[in-house]
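Below you'll find the structure, written out as structure tokens, and then a few comments.
Derivation of every value follows stated rules applied to the coordinates shown; laboratory data play no part. Here the structure is a predicted model, which means the values were calculated and not measured. In this analysis, Cβ positions are derived from the backbone assuming ideal geometry, glycine residues included, and neighbour counts consider all displayed protein chains.
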There are 2 protein chains.
Amino acid sequence: MALDMRRVIDPDTYFDHNSPPTNLGWAHDEVDKFIKAQSPDQRIVLVTSGGTTVPLENNTVRFVDNFSAGTRGSCSAEQFLAMGYAVIFLYREQSLQPFNRNYSHNTKGVLSFLERTNGQIRIKPEWEEKMGQDLDNYQKYTQENKLLMVNFTTLSDYLFLLREVSLLVASLGPRVMFYLAAAVSDFFIPSHSLSEHKIQSATGDLTLHMNQVPKFLRPLVKNWAPLCFIVSFKLETDPELLGPKARHALEKYGHQVVIANMLHTRKFQVWLFTKEEAMRPAVIQISQDDLDAGRDIEQDLVEELARRHQQYISSTLQQD
Amino acid sequence: MALDMRRVIDPDTYFDHNSPPTNLGWAHDEVDKFIKAQSPDQRIVLVTSGGTTVPLENNTVRFVDNFSAGTRGSCSAEQFLAMGYAVIFLYREQSLQPFNRNYSHNTKGVLSFLERTNGQIRIKPEWEEKMGQDLDNYQKYTQENKLLMVNFTTLSDYLFLLREVSLLVASLGPRVMFYLAAAVSDFFIPSHSLSEHKIQSATGDLTLHMNQVPKFLRPLVKNWAPLCFIVSFKLETDPELLGPKARHALEKYGHQVVIANMLHTRKFQVWLFTKEEAMRPAVIQISQDDLDAGRDIEQDLVEELARRHQQYISSTLQQD
């Protein structure tokens, strides 16, 4: 174990050996403008969403991906907006976006929402109200500087952008929440050992050696944004591992909340682990009936987190 | 080399060791109905499109993916329809679909095509004509039984569906074209050696052993659909390999056409390799100006293939 851990590079080394994404400068300027546009007591949340890719080739034909459509993140972003938060939405390109999410991943495609009536092309009557609401919300929040969208594709893009945004919002302290719902790869191929061209299949089997990604939660909590309220996620498929891993993360990184969830029940049930409730995590769950009726578990989850965030803000104010 | 090749399992073994997709029965029935609805001289094309995934875990959190948005396939499907073909579109779930493709992968989302005018939610005037045309085309071709959509996600889904469709259309002989534009993985992890649960990162590095996928073009050409007109694709990033690999595929499998293209110029330039033109492949190319003006290379490519397909049909009729 000790031997293995020594092979994990530290986060700074990772940044030294990888190139920043092309939108890093743009993201810096936009986030800077965005936070300056907020009132002094505005609560802000950084929501990360979707999976990161790990390219197997420099001229990328193949990549390792993490399963995530971005449902949790995009739905939660809507809830945070409804609760008065300003939202920086750091999302995987082509994953679900707030308000657009109800239409973009429909398997029948966008045109299935349209019809031709009396020669005119229009939205089907049954969709008019919902699409109208979503459009109004999307435009309102964007125009009022309450929603900023920043996109990534690769693991490296994500990590550079996460650090950049963290350092920018850090000075705002406790009123910033991190809601780290993105499915971030645990393994990567160092860029110097990437294949330059498409890996050829004629030579038989393929063996891929991947290195462990350094745990960026550590510098995030310790150095980048030490005063902020940080919520991380733990997704597992083996129920035996869920509690121990959530507790281990809290101890190791010292942040505020771990949301633990199982792959196959994540839409119905999540557990909130905190230092104080490490052995008795709060459970948030909804029924199949609720889900069928269009209710999302993110509504309850975000309400609960906003409540705890408010307590955190109050308690840090009292300490001043 | 010989040693390596012996490690590649044969296609039948692959099917014995993997489970069929849940939509296989549905696809069988739909394709059967679709081809029975065609007139006796109707030309039919099977277009495959998008990339296949290879899960790294049985409870899938991670997978290896092939870069492909489905642009070539979805755009070509539209061209085949315009030229009078009936199209079976075998595509990766969430990849681009014919007619819907212009709206679904827009980075600003679906709602960016809408506006509210006088309280009414409607399509922006600048998009009305184009969306109207696409909707009319999509509905016309679907209702007239000229377009059938069948979706896959994993490599295994794709291979089962490809075999099923091939065996169904094979009896129609030369008037069926295969246009195999999907980006199919060359490597897979046998299901018996898949990790049951999410791979844990605490133990250090990750080494993945992947086996070579058997070359399904061989049984497709030889056994499944020996009388059909088969077009395969070769995508490379190293220009030195493109010609040799295209010629090698033609020799090895004995089918009709290999479309060769380079990752970074595939929207401007493709080469058509045939047995007769193995050393002098036909080049199809368009300029940046053409592309900017909304012209796609698939228009020229599909026209050329339809012409060659017609010659193929005529020559096989003369042999009868």
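Using a basic spin-label model with each label point 7 Å from the Cα along Cα→Cβ, how many nm lie between B:I9 and A:E128?
5.6 nm
Could you check how many percent of all C-alpha pairs in the range A:78-183 are farther apart than 22 Å?
Cα-Cα pairs in the range A:78-183 separated by more than 22 Å: 45 percent.
In vacuo Debye scattering of the range B:188-238, one point per C-alpha: log10 I(q)/I(0) at q = 0.20 Å⁻¹?
-0.87
For B:L263, go 7 angstrom from Cα along the Cα-to-Cβ vector, then report the distances to that same point in the other copies in nm, smallest first.
Label-point distances to the other copies, shortest first: 2.8 nm.
Counting only helical runs of four or more DSSP H residues, what would the 222 nm mean residue ellipticity of chain B come to if each run contributes -39,500 (n - 2.57) and the total is spread over all its residues? Kindly include the intermediate steps, with their values, before the conclusion.
Values: 10 runs with 118 residues, N = 320.
Value at 222 nm, helices only, nearest 500: -11500 deg cm²/dmol.
So, in Å, what gap is there between the alpha-carbon centers of the range B:90-107 and the range B:21-84?
12 Å
Dividing the alpha-carbon Rg of the range B:244-288 by 2.2 N^0.38 Å yields what?
In units of the globular-protein estimate, the range B:244-288 measures up at 1.17.
Distances from B:H105 to the same position in the other copies: list them in nm, one decimal, shortest first, using label points 7 Å from Cα along Cα→Cβ.
Here B:H105 shows inter-copy label distances of 1.7 nm.
One decimal, nm, shortest first: give the distances between the label point of A:S315 and those of the same position in the other copies, each label point 7 Å from Cα along Cα→Cβ.
7.9
List the pairs from A:K215/A:K267; B:K33/B:K222; A:K245/A:K267; A:K140/B:K267; B:K222/B:K245 whose alpha-carbon separation is above 29 Å, in the order I gave them.
Too far apart for the 29 Å limit: A:K140/B:K267.
Compute and list, largest first, the equivalent-ellipsoid semi-axes of the range A:56-117 from the alpha carbon gyration tensor, each √(5λ) rounded to a whole angstrom.
Numbers: eigenvalues 130, 98, 15 Å².
Taking √(5λ) for each eigenvalue gives 25, 22, 9 Å, largest first.
List the extent of the Cα atoms of chain B along each of their three principal axes, largest first, rounded to whole Å.
67, 62, 42
Give A:K108/B:K124; A:K146/B:K198; B:K146/B:K234 a once-over and call out the pairs whose C-alpha atoms are over 30 Å from each other.
A:K146/B:K198
Take the eigenvalues of the Cα gyration tensor for the range B:184-320, scale each by 5, and report the square roots as semi-axes in whole Å, largest first.
Each semi-axis is √(5λ); the values are 35, 23, 14 Å.
A:R62: net charge of surrounding residues, Cβ under 9 Å, Lys/Arg +1, Asp/Glu -1, itself excluded? Numbers along the way, then the final one.
Working: positive: A:K198; negative: A:E57, B:D65, B:D186.
After counting each charged neighbour, the total is -2.
How large is the Kirkwood hydrodynamic radius of the range A:1-123, counting all unique pairs of alpha carbons, in Å?
For the range A:1-123, inverting the mean 1/r across all distinct Cα pairs yields 18.4 Å.
Across all directions of projection, what mean area in square nanometres is found for the Cα convex hull of the range B:204-271?
In nm², the orientation-averaged hull projection of the range B:204-271 is 6.8.
In debye to the nearest 20, how big a dipole does the range A:24-145 give about its Cα centre with +1 on each Lys and Arg Cβ and -1 on each Asp and Glu Cβ?
240 debye
Given the protein assembly as shown reduced to its alpha-carbon atoms as identical point scatterers, what log10 I(q)/I(0) does the Debye formula return at q = 0.07 Å⁻¹?
-0.50
Over the range A:138-246, with a single point scatterer placed on each C-alpha, what log10 of the ratio I(q)/I(0) does the Debye formula yield at q = 0.17 1/Å?
Ignoring solvent entirely, the Cα scatterers give -1.02.
Rounding to the nearest 20 debye, state how big the charge dipole of the range B:170-296 is about its Cα centre with +1 on each Lys and Arg Cβ and -1 on each Asp and Glu Cβ.
540 debye
With the Cα gyration tensor of the range B:15-82 giving a ≥ b ≥ c as the square roots of its eigenvalues, does the rule (a/c under 1.5 for rounded; else a/b larger than b/c for prolate; else oblate) give rounded, prolate or oblate?
oblate
Rounded, prolate or oblate: which fits the range A:262-320 when a ≥ b ≥ c are the square roots of the eigenvalues of the alpha-carbon gyration tensor, with rounded for a/c under 1.5 and prolate only if a/b beats b/c?
On the way: a/c = 4.12, a/b = 1.92, b/c = 2.15.
Because a/c hits 1.5 or more and a/b fails to exceed b/c, the range A:262-320 counts as oblate.
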